[in-house]
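The values are calculated or read from the model by the stated rules, or taken from the named source; none is laboratory data. Every value quoted in this text rests on a predicted model; they were computed, and no experiment measured them. Neighbour counts run over all protein chains shown; Cβ positions are idealised from the backbone, glycine included. We work out accessible area using only protein heavy atoms, side chains counted, and drop any ligands, DNA or RNA first. Shrake-Rupley method; radii C 1.70, N 1.55, O 1.52, S 1.80 Å.
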Amino acid sequence: IVTLPGFAELHPLLPQLRHGGQLTQGALAVIYETQSILAELTGFAECTMQPMAGAHGELTGVMLIAAYHRSRGDHERRIMLIPDAAHGTNPASAAVAGFECMVVESDAQGNVNLDDLKAKLSPKVAGFMLTCPNTLGLFDPNVKAINDLVHEAGALSYCDGANFNAIIGRVRPGDLGFDVMHVNVHKTFATPHGGGGPGAGPVGVCEKLVPFLPVSRVAKRADGTYSLEY
């Protein structure tokens, strides 16, 4: 589909509406409809299609967490809690975003050790990055309780969507209490990654993180046309 002339020959600086805007409306519609579908499937208020890979989506997600705390003047929250069964890129993304990473241990079953999580939650914690299901292939039965604990500590809960293909259509991460999540669409909706195709890592957010989404964003106007909102 991306080799069709309407996509392949589309210049990024073409006008959105008048004087050639008819050339861009189709592409903007595809982006808008895709992000709307992803928001519904994940249970979040909005999605951004900007991240160009899963790791880029992770970085975007933790930067959103940082922006949220910064907007509240909560500058002491510099710690990102990450389970030892998390996806391996989590600590890298958190570190690149300027956070200090702290490991949360697993219990004997391979799920998050709730006692260790409680012990490490503090006013200095910005967020908790949980791969759901985790790298062991386990769906943590305490996921809602985990997110409740994180929120009670004033932190935000991040869902790594690397294994979203295992739960899609059965449960929505937004309904489990997660605040932000990246989706590896090249894994969940296509052939396994690593085949040389394009990656992507759109990010879904809860309502309170919508104001911090990167611009520009595709918006649908009252007349049914689409535009880029900056």
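Rounded to whole Å, give me the distance from the Cα center of region 48-68 to that of region 78-117.
So the separation of the two Cα centres works out to 17 Å.
Give me the net charge for the shell around Ala53: Cβ to Cβ below 15 angstrom, other residues only, Lys and Arg +1, Asp and Glu -1. Mind dumping the intermediate values first?
Details: positive: Lys187; negative: Glu58, Asp160.
Net of charged neighbours comes to -1.
Which one, His87, Leu64, Met102, is farthest towards the positive end of the dipole of region 49-166 when Lys and Arg carry +1 and Asp and Glu -1 on their Cβ?
Farthest along the dipole direction, towards plus: Leu64.
With a 1.4 Å probe and every protein chain kept in, tell me what percent of the accessible surface of region 1-52 is carbon plus sulfur. Can you show the working numbers first?
Working: 2200 of 3400 Å².
Using a 1.4 Å probe with all protein chains present, region 1-52 comes out at 65 percent carbon and sulfur.
Which one of Asn113, Gly127, Leu213 has its Cα pushed farthest toward the positive end of the charge dipole of region 95-230, where Lys and Arg give +1 and Asp and Glu give -1 at the Cβ?
Leu213
On the protein heavy atoms, probe 1.4 angstrom, tell me the percent of accessible surface of region 79-230 carried by carbon and sulfur. Intermediate values should be presented prior to the final figure.
On the way: 3710 of 6870 Å².
Carbon and sulfur: 54 percent of the exposed surface of region 79-230.
Could you sort 54-66, 134-146 so that the peptide with the highest average Cβ count within 10 Å comes first and the rest follow in order? Display every interim value, and only then the final one.
Values: 54-66: 24.2, 134-146: 16.6.
Final packing ranking: 54-66, 134-146.
Magnitude of the Cβ-charge dipole of region 101-188, K/R +1 and D/E -1, about the Cα centre, nearest 20 debye?
Working: 7 positive and 10 negative charges, 50 e Å.
Charge dipole, region 101-188, about its Cα centre: 240 debye, nearest 20.
Please give the per residue accessible area of region 124-220, computed with a probe of 1.4 Å over protein heavy atoms only, in Å².
Values: 4040 Å² over 97 residues.
Here the residues of region 124-220 average 42 Å² of exposed surface.
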